[in-house]
Structures are given as structure tokens and as C-alpha cells.
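This report refers to the structure that appears directly beneath it.
Laboratory data are not the source of any read-out in this text; all were calculated from the coordinates shown. These numbers come from a predicted model, not from an experiment. All Cβ positions, even for glycine, are placed from backbone atoms using ideal geometry, and neighbour counts span all protein chains on display.
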Amino acid sequence: MLVSEAWAQSGGGGSPDFSFLLMIVLLFVVMYFFMIRPQQRRAREHREMVAAVKRNDRIVTSGGLIGKITKAGEGPEIEMEIAPEVKVSIDRNSIQGVLNKKPGGPGQKPSAANDSGERRSLLGGLFGGFGGRRN
């Protein structure tokens, strides 16, 4: 007798509620567009940048070394000069960025760099202090 009263109070249990399933699917869609797609785009841009480096490009590594490429073959290693007559061999994937001497030079977008050659981040542009110039 108690079981039949419980079924009667819960609405019969015949139709499942799909709002929870819809909420989970919506959560994954939002995560894809705000987290996964931008990360894939950044990884693709990094691969293209690393593949396009050539001799005499100034680069910065993920460890913070800044130097000029002296030998760049097809393999995974490149040779970089960090001081006069001081050359080191580094892995291509450790390149974090390519530095250009003059903003607006060949192959560079003029609006991508500010006066000091640093790129401003989106948050720096919105909130003012993040990722801007350092004095």
C-alpha cells in the first residue's frame, strides 16, 4: 500500500525528465567553444610559426633565451646564437615566439605589436594593466 502511494506522488514515473541530459550536453558544447577550440587554434598557430622559422630570425625560447637562428634544417633541432660566437642547439618545439626588429616589417602585421614589440593580450586591452608595457 505504501509503494502505490509513492508512485502516485512521483507522477507515475512513466516519462523521464530530459532537462538534466540537455544541461549536460549544453555544458559540453559551451566547454568546446570556450576552451577546446581556442586551444586547438593556438596549437595550430604555434606549429605553423615553428615550421616557418628560418635563418637570421630572432626567437625567444620557452626557457627565456633570446637569440638568432644560425642553422635551421628540416630536423627537430636548430642552432641558435645567444651571444657572439656562442651557439646552442635547441629543439624546435621549445620556440615560444619570433621577435622582429621593426614593427611592420615583411611578414608582420603592423597592428600586432606595440612600441616595445610585445603583443598585448586581450585582457590587457580590456582591463588596462595586464600584459601591457612594464616600466
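Listing for the model above:
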quantity: Of residues in region 42-63 being part of a loop (DSSP other than H, G, I, E, B) and touching a helix residue (DSSP H, G or I) at 6+ places or on another chain (Cβ under 8 Å), the one nearest to Asn100 (Cα to Cα); calculated: Val53
quantity: Residue check for Gly67: loosely packed, with under 11 Cβ neighbours inside 10 Å and not aromatic (Phe, Trp, Tyr); calculated: no
